[in-house]
Amino acid sequence: MWDFETDPEYQEKLDWASAFVREKVEPLDFLFPHLQFTPQTDELRRIIDPLKDEVREQGLWATHLGPELGGQGYGQLKLALLNEILGRSQWASHVFGTQAPDTGNAEIIAHYGTDEQKAKYLQPLLDGTCFSSYSMTEPHAGADPTQFKCRAEKDGDEWVINGYKYFSSNAPTASFLIVMCVTNPDVSAYNGMSMFLVPSDTPGITLERNVGLWGEPLNQGSHSLIRYEDVRVPEESLLGGEGQAFVIAQTRLGGGRIHHAMRTIATAQKAIDMMCERALSRETQGSLLADKQFVQGYIADSYAQLIQFRLFVLYTAWEIDKYNDYKRVRKDIAVAKVVMPTVLHDIAWRAMQVHGALGTTNEMPLFGMIHGAGVMGLADGPTEVHKMTIARQVLRNYRPAEGMWPTEWIPGKIEAAKEQYGHLIELEVGNL
Ligand SMILES: Cc1cc2nc3c(=O)[nH]c(=O)nc-3n(C[C@H](O)[C@H](O)[C@H](O)COP(=O)(O)OP(=O)(O)OC[C@H]3O[C@@H](n4cnc5c(N)ncnc54)[C@H](O)[C@@H]3O)c2cc1C
């Protein structure tokens with residue numbers, strides 16, 4: 001059964017969310033830009049807490065986990081429909097309790113955590129009373145986790161962590177970190193690494209630098225270089241089994257990647273909205289920009305790119321709900337991840353061009369979107385590595401040709417067709 005409609009009851013909620021984000025949340029982007037990942041002051045909370053309450057009243061708070069995982073969500077497809085609204089605003093996913101990296105972190109605790117771990121770490125995340133960070137990348141190795149060195153060694157009933165982690169998003173405000181460590185260097189990295197739940201105030205954790213993205217002030221960013229030095233945690237801090245880090249990481253990153261893709265639909269749609277408004281507002285050489293064929297081409301190409309991307313992301317979300325198994329949907333999540341930066345980049349670039357000089361300035365959000373496209377090509381793994389995943393998965397459905405010639409070699413096909421039907425037809429006809 002294929003259906004491209006949203007049920008009317010949920011559509012009402014989406015309509016509410018759309019108006020709420022535009023009217024009440026987007027203004028926060030201008031009053032408190034880039035402050036979502038900083039400790040929230042009383043002043044901020046006076047504004048944000050009542051907004052969160054409104055979201056709760058609508059039953060739209062923290063909907064990334066379904067009831068089977070302890071959340072109150074409606075599944076990934078409905079989350080996609082919501083996220084394609086929330087992605088318009090930097091603050092919206094915070095106000096709705098679905099911000100990265102907490103959603104992915106909550107997901108792995110829900111999947112792999114013990115009851116005690118869920119009570120201590122998942123519940124506060126779902127309640128919105130704390131933030132978390134995912135500490136996997138190291139300064140010398142990101143795309144290739146088999147090179148990680150950060151080590152956890154058993155000492156009695158404790159684990160002792162030593163090493164560096166880099167680009168741990170949100171670490172400055174996180175109450176706890178999920179740290180990926182080598183626990184057995186003598187086996188393959190795929191079996192020799194484990195995940196740990198580590199409270200941020202554990203002695204031995206130092207945030208050496210808080211790296212900012214382009215446009216943010218130096219050392220005031222939210223992506224930390226962290227030194228773990230003799231950080232002792234009890235054995236109950238192990239998330240999942242010993243040696244399970246790779247399996248857990250796939251679950252963590254699968255969710256994170258598709259959620260970024262969902263939000264990117266909204267950002268790209270915003271760029272199209274801006275492009276169309278400008279095209280209808282600006283006249284040059286005797287006609288509106290909207291009447292110039294080049295500009296019409298920008299609009300048409302942008303619409304075509306976004307609608308393909310959107311349908312694919314919704315389809316992938318539907319697959320996740322259907323199979324409830326990220327591994328099975330891994331190829332399509334990788335496709336969404338690979339396509340996302342190009343779609344956002346191309347559309348934002350065209351919108352910037354149509355705005356002329358104004359588009360390039362810090363008075364418009366367009367260059368920020370283009371930078372965001374670059375970030376999307378790296379966060380949760382570089383595009384190149386995801387393309388390799390896609391190709392490997394696609395190739396699994398193929399076998400080498402049996403003989404010297406390709407299966408679709410036309411002379412071979414003609415011979416086979418003659419053998420099949422030759423006794424029924426005049427072979428002299430045509431080129432047979
Ligand atoms: C905004 C942002 C947030 C992030 N948040 C987190 C976080 O919360 N936690 C965390 O642990 N990490 C985080 N990261 C880090 C991210 O996961 C890494 O940047 C990513 O995995 C790539 O690692 P790297 O930066 O070390 O690049 P490298 O591994 O050095 O790769 C650099 C480039 O080399 C090329 N390359 C690499 N491998 C291959 C290959 N196999 N084939 C062909 N080309 C290749 C690609 O062009 C790639 O971009 C974040 C990154 C960004 C940008």
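The values are calculated or read from the model by the stated rules, or taken from the named source; none is laboratory data. Computed from a predicted structure; not experimentally measured. When we count neighbours, we look across all protein chains shown, and the Cβ atoms used for this are built from the backbone with ideal geometry, even at glycine.
Residue-by-condition table, conditions (1) farther than 30 Å from Leu288 by Cα; (2) at pLDDT 95 or above; (3) in contact with a strand residue (DSSP E or B) (Cβ under 7 Å, 6 or more places away or on another chain):
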residue	(1), (2), (3)
Tyr326	yes, no, no
Lys331	yes, yes, no
Ile347	no, yes, no
Val354	no, yes, no
Ala357	no, yes, no
Leu366	no, yes, no
Ile370	no, yes, no
Query raised in the report: Is it the case that region 79-87 has a residue that's under 20 Å from the mean Cα position of the chain (by Cα), outside any helix (DSSP H, G or I) and more than 21 Å from Leu14 (Cα to Cα)?
Result: no
Requested in this report: Could you grab me the full set of residues in region 379-421 that are of a type in the set (Asp, Glu) and more than 16 Å from the ligand (Cβ to nearest atom)?
Outcome: Glu402, Glu408, Glu415, Glu419
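Condition check: within 26 Å of Leu213 (Cα to Cα) and in a loop (DSSP other than H, G, I, E, B). Does Lys149 satisfy that?
Against the criterion (within 26 Å of Leu213 (Cα to Cα) and in a loop (DSSP other than H, G, I, E, B)), Lys149 qualifies.
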Report summary line: Given (1) without any contact (Cβ under 8 Å) to a residue 12 or more places away in the chain; (2) part of a loop (DSSP other than H, G, I, E, B), Ala119 misses just (2)
Report summary line: Scanning region 336-362 for residues that are of a type in the set (D, E, K, R) and closer than 15 Å to Met275 by Cα, the one nearest to the chain's Cα centre (by Cα) turns out to be Asp346
**Report entry** Members of region 213-257 that are among the basic types (Lys, Arg), crowded, with 21+ Cβ neighbours inside 10 Å and at pLDDT 90 or above
**Finding:** Arg257
Requested in this report: Search region 157-184 for residues that are within 23 Å of Gly243 (Cα to Cα) and in contact (Cβ under 8 Å) with a residue 12 or more places away in the chain and pair each with any residue that is of a type in the set (Phe, Trp, Tyr) and within 11 Å of the ligand (Cβ to nearest atom) when their beta-carbon atoms are under 7 Å apart and the residues are at least 6 apart or on different chains.
Outcome: Ser168/Tyr134; Ile178/Tyr134; Met180/Phe148; Val182/Phe148
Report task. Determine the pairs where a residue that is among the hydroxyl-bearing types (Ser, Thr, Tyr) and crowded, with 22+ Cβ neighbours inside 10 Å, located within region 70-92, has a partner that is at pLDDT 95 or above and in a loop (DSSP other than H, G, I, E, B) with Cβ atoms under 8 Å apart, the partner being 6 or more residues away or on another chain. Result -> none
Report summary line: Of the conditions (1) surrounded by 18 or more Cβ atoms within 10 Å (Cβ to Cβ); (2) within 20 Å of the chain's Cα centre (by Cα); (3) at pLDDT 90 or above, the single one that His111 does not satisfy is (1)
Query raised in the report: Between a first residue in region 304-316 that is without any contact (Cβ under 8 Å) to a residue 12 or more places away in the chain and a second residue that is among the aromatic types (Phe, Trp, Tyr) and not in a helix (DSSP H, G or I), which pairs have beta carbons less than 9 Å apart while being 6 or more apart in sequence or on different chains?
Result: Leu311/Phe4
Report summary line: If we keep only residues of region 207-257 that are among the hydroxyl-bearing types (Ser, Thr, Tyr) and part of a helix (DSSP H, G or I), then the residue farthest from the ligand (Cβ to nearest atom) is Ser237
Query raised in the report: Considering Glu68, Glu43, Glu23, which residue is at pLDDT 95 or above and in a helix (DSSP H, G or I)?
Result: Glu23
